[in-house]
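Values quoted throughout were computed directly from the atomic coordinates according to the rules given, and no laboratory measurement underlies them. The model shown is predicted, which means the values in this text are computed figures rather than measured ones. For neighbour counting, all protein chains shown are included, and Cβ atoms are generated from backbone atoms with ideal geometry for every residue, glycine included.
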Amino acid sequence: MIKAGMYISDRYEIIDKVGSGGMADVYKALCHRLNRYVAIKILKPEYSTDAGFVQKFRAEAQSVAGLSHPNIVSVYDVGEDDGLYYIVMELVEGITLKRFIEKRKKLDVKEAVGIAIQIAMGMEAAHTHHIIHRDIKPQNIIISREGKVKVADFGIAKAATSNTISQNAIGSVHYLSPEQARGGYSDERSDIYSLGVTLYEMLSGQVPFAGDNSVSVALLHIQSEAIPVRELNPEVPLSVDKIIQKCMQKKPERRYQTAAELIVDLKRSVINPEGDYVSISSNAIVPNSPTRSITEEELNTIKNAASAAKTPSTRISYSDRKVRKKVKRETEELDTMDSGLEKVLTVVSVLAAIALLVLIFYLAWNLFVKGNGEGSSGGI
């Protein structure tokens, strides 16, 4: 039982409980070694007893500890004390974006875009270090008293991926990308999808997909199209509406490919809100179908949440190599086919020309030479 006054690792004195999530409780604490206040996130008992989860949790938190960016909550320490697994983070005095939306109902367009830009900047910094959040949502965004927006929980997201649907209730599923809902691997574009959903909620006051349970919401992400945010909030300009649509494309290859690309359009929307410059590519690798039937196997995967996310850098690089080899092979085959076809056409053309000349010569011979010869014989 964690209570005020107790010490963790003989260093962190618990001051007060400040929040609770699906997998951990958050406490304000005083670090006596550095004499500063920090936030300590302590895993709940059901996760602390899962050795595999704890190992992933610690490894990911340690990798995130190397990140330093104004829009990311800093991670200071990772540790264990008598069965309590925790991470020590920067203490940000403020309010979560979720609570902010609930208080305001819906945000002003410029305010929402400004918040989205700061979130995207934090994501960009993490993605540059090949760290993917996998759980971008308003509950994990903190707005400080000074108005600074910070993304939290990078350290816990990867370890929690396999538990997102089944155990983390319905909160995370509202912001889940279609590929995550299917139990597939996630990459930077999965975070971009979740940011699109978050921006949608900031401007409309509601999530794009809602259902009675987590599975039904996950299926909606896979199969259904969201109502355009402009229909829910006419004040939203064309550019912002299209930015959200592009972020929330079902196929990752049709979304913004990087957070940097998204930031460019978000900043441009502030200057030229009604400009029609956001392009959504239709050149998807797979056939373009906004709605498709989900297989029984995929449905079981969603219900059981059995597929853990793969390491993105490994999957992406391997996939890229396969695609490049396939494209190169197909290109060489096409070049060979084109060369062979060109030779065949050349030969056929030459033969046709010779045949035509022979025919013309034959007709001319019969008409002029042979015809004249027959006429002379008749005159004698």
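Tabulated data
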quantity: Simple spin-label estimate for residue 128 and residue 271 in nanometres, 7 Å along Cα-Cβ; calculated: 2.1 nm
quantity: The range 183-234: radius of gyration over Cα atoms, expressed as a fraction of 2.2 N^0.38 Å; calculated: 1.20
quantity: Neighbour-count order for 248, 23, 1, 123, fewest beta carbons within 10 angstrom listed first; calculated: 1, 23, 248, 123
quantity: Convex hull of the range 1-134 built on C-alpha atoms - directionally averaged projected area, nm²; calculated: 9.2 nm²
quantity: Cα shape, the range 172-289, gyration tensor, a/c 1.5 rule; calculated: oblate
quantity: Computed log₁₀ I(q)/I(0) - Debye formula, equal Cα scatterers, no solvent, the range 1-78, q 0.27 Å⁻¹; calculated: -1.37
quantity: Förster radius 41 Å - calculated FRET efficiency between residue 253 and residue 84, Cβ distance, rounded to 0.05; calculated: 0.45
quantity: 26, 75 arranged by Cβ crowding within 10 Å, fewest neighbours leading; calculated: 26, 75
quantity: Neighbour-count ranking [beta-carbon atoms within 10 angstrom, fewest first] of 174, 133, 32; calculated: 32, 174, 133
quantity: Long-range amide H partners of residue 21 with built H, under 5 Å; calculated: 26
quantity: Radius of gyration and maximum dimension Dmax of the range 59-129, Cα, Å; calculated: 15.3, 48
quantity: For residue 78, residues with placed amide H under 5 Å, excluding near neighbours; calculated: 88
quantity: For the range 67-73, Karplus couplings with θ = phi - 60° (6.51, -1.76, 1.60), whole Hz, Gly/Pro x; calculated: 7, 9, 8, x, 9, 10, 5
quantity: For the range 80-91, 3J(HN,Hα) per residue [Karplus equation, 6.51 cos²θ - 1.76 cosθ + 1.60, θ = phi - 60°, Hz, x = Gly/Pro]; calculated: 9, 9, 6, x, 9, 9, 9, 10, 9, 10, 4, 8
quantity: Cross-link pairs beyond the 30 Å C-alpha cut-off, checked among 44/246; 17/105; 44/242; 3/106; 41/148; 28/250; calculated: 44/246; 44/242; 3/106; 28/250
